[in-house]
1. Taking the Cα centre of each part, how many Å lie between region B:31-75 and region A:78-102?
2. Across the residues of B:274-286, average count of Cβ atoms on other protein chains within 10 Å?
3. How large is the helix-only mean residue ellipticity at 222 nm for chain B, computed as the sum of -39500 (n - 2.57) over DSSP H runs with n ≥ 4, divided by its residue count, in deg cm²/dmol to the nearest 500?
4. Which aspartates and glutamates have a Cα less than 14 Å from the Cα of A:LYS154, not counting those fewer than 8 places away in the same chain?
5. For a quick check: sort B:GLU2, B:GLU478, B:GLU303 by the number of other beta carbons within 10 angstrom, fewest at the front.
6. Classify region A:139-277 from the C-alpha gyration tensor, please: rounded if a/c falls under 1.5, else prolate or oblate depending on whether a/b exceeds b/c.
7. Exposed loop chymotrypsin sites (Phe, Trp or Tyr not before Pro) only (DSSP loop, at most 14 other Cβ atoms within 10 Å): please give the longest stretch of chain A free of them, not including the sites.
8. Counting other beta carbons within 10 Å of each Cβ, put A:ASP188, A:ASP142 in order, fewest first.
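Every number here is computed from the coordinates shown, using simple stated rules; none is lab data. All values derive from a computational prediction rather than experimental measurement. Positions of Cβ are generated from backbone atoms using ideal geometry, with glycine treated the same way; all protein chains shown enter the neighbour counts.
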Amino acid sequence: MSPENGSVHSGRLLAVTILAGILALGFGFGFLVLPRNQGTPGLASASDSIYQALGLHTHNNSFNTVQPPAKIPSYVAWTEATMQQAMGGDAKRGESIAGNCTGCHVEPAHTAESGMPRLAGLDRLVTYKQLDDYRSGTRLSDTMSAVAQSLTPKQYADLAAYFASQKGLPENRGERAPGSHRSYHNADPVQRLIYAGDPKRGIAACASCHGPGGYLIGAPALINQDALYLEQQLLAFAQGTRSNDINMSMRTIAGLLTPAEMKALASIYAKGFDGSK
Amino acid sequence: MERSRLLSLAHLWAAFLCFLPAAFLGMWQLMMRSPLRVPLDDPNAYYASLTAHGSIMAYVFPTLFIMGFGYAITVSTLGRSLRGESWAWMGFFFCVVGGVMALVPIGFGRSSVLYTFYPPLVGSVWYYLGVALVIIGSYFWVALMLINFSAWKSDNPGKPVPLAMFAISACALLWGWTALGATCEVVFQILPVSLGLRHTIDAGLARTLFSVTLHAIVYFWLIPAYIAFYTLMPQAAGGRLYSDTMGRITFVLFLVFSIPVGMHHLFMDPEHGSGFKFVHSVLTFIVALPTLLTVFTIVASLEIAGRVRGGKGLLGWIRTLPWGEPMVLAVGLSLLLLAPGGFGGLINMSYGMNAMIHNTSWVTAHFHLIFGGAVVIMYFAIAYELWPRLNARPLVSKRAACLQLWLWFWGMLIMTLPWHAAGLMGQPRRYAIFDYSDPAVAKMASLDITSVVGGLILLFSVLVFFYVLFRSTFARPEESVSPIRYALAVNPSATVHPLLNGFVFWNVLLLALTLISYGYPIGQFFFLHNQDAPARSLSQEVLR
């Protein structure tokens, strides 16, 4: 072996040895020493400790207290399969089913305040989820439950595609076009609620989920929606008679609003408020 | 040689021209978060602006700058023309087109996903394709750096590769490896959703893949600054580099250790257990070593220069250093910024203490101080060093350049120190607007306004920088152009340890270490399918 090869060889050996030492330290403490010395119960053996450190927890201790039955707000989970189905409807087929809807959900021009939600332009995922919630009974309405139970999820998607293709509620384009006066500096308390919320009371801004701009998946656009309907829904959420909001977001927020605020919010949205005024 | 000057110049101009609007956006964002009134006070505008500011400052600006600097180093250290110059122009073209392609949809509010992409947020396809083009463009550069490096080595067997070339090649390799994380995330996860082919995204996997890039990118930005520390500053100060070997060890350590540390960005994430987080925490401490080595070597080199210039006594050498030289001044100021920045970094990388500052303004303040401060101040100094060489015109003027560096230094401190404090008080990051009528928030108002003052100083500094660049570009041409001169080591040796003259072994080590530290954390997602979050592309529905 030449002297140069020798020095390369010993250099490599040195680097690998130091690295192995560092790794032994990191893995030894991270996987064996620390998990067992942090008071986590039930780590009897080294393999338990490693399992814990990998994040694969085992809950050996069964609960012996009586748990209240889980209250499920909705059976719709946004999995790949559900999303594919909800987004993949056929508007043509939906149109023929929608003939049954227009008895109640008439064109907005004829009804200033009907208490009926306007469906034209409604986001696909919103329509799909609400129909499924009516079917499962997590959202209550005699009429709508009967309607939803007579349809298949495939038909929900078709209806959703049809309503989404209609002009009415603003299209959810995912755009965050900037405007002005959409902060705490806005003097109007209702507009402030919409764009900035009221953190002192723990109220999130309506716009952060309902747009314009960002839309939470499954959250409807509110602009141009029927005022009476909006107000009734806020009241229903506040009183808990409507409870199909996942994670209780709307029940929490509505419960913090005053009746006057609900009315004002419903009316400003129904008037086509888009924040630019 | 003449054409390669144009190549470097094009990259640097493109980098600084996108830096300018991004600086203004940053200023507006600072004001937006403060109690002051600003036009377009809308969270939507804030998030669009944040995406643009971050995408430019983190991807487009440093990448173009480093590419340009890399070409200049290649030509000047190896003393021959660049191989594959037309490919370099191709890479430049990709970066510029990609940058524009990414910025346009942000401007329309179609890609307010923040510059870290944050699935399940999904923006316009064009934004991601634009970022991908920037990365592809930079890969041309990576390939060219390595081709030129190995071609010179095989033409000069046994000779040490010049330190600056060695370092920029380490930088290229580092970027080549680390960019794969974000590239995989964009290509295999985000683009399918953005194109409407899929409706859910594994957010845990996406965040983990991004973390492969997220921390090492910082060292990609940092290495050019360190190249200036080691090879340009001692020369500008009239001294010599304390140790060439120390430099090589530093750059090799950066290459090996910068990738397997990325999970310290995920300490609070639920998708990983504590074991690998701890391993990454330990490895992150190791990556502090090259910085400590550098601080030691550079201060020693400064001392050598100071003593050569007649400095006496324990600290007398500091006074005799040529602080009117932009390069020397920038290094001094950069080291001063590196101290609080590094200290903050130690807190961030500590598994326990991280919980205290997680997702607060502290983190934003930290990376502005260390990247915007310690690193970008060196980019300015490098520009001042290169400009006369690339333009064949003198720098007009050194006084204005030094004023600009001082303004940047003070502006950065005044902006980031109160910002850190607000973070410690619990101010969250990524928030567009704060309710200052809330007593808990009102306490931070004076800190936020102080930051705005710092921001204004920084903006003024940017304007002075452009003033110097323009004046120097249109100055009277010089007869003879002095080449870039690199510092000699105190004891320059004709040979160097073979392991410190190439990267093959270090690449193997890096890959092994990455596999050990990221193998399970990434692999687990292929058998634990519990992180899928709904995500939808709205741009596709509009196209339909």
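1. Centre-to-centre distance over Cα atoms comes out at 42 Å.
2. That works out to 6 on average.
3. -22000 deg cm²/dmol
4. A:ASP90, A:GLU95, A:ASP132
5. Neighbour counts put them in this order, fewest first: B:GLU2, B:GLU478, B:GLU303.
6. Oblate.
7. That would be A:76-277.
8. A:ASP142, A:ASP188
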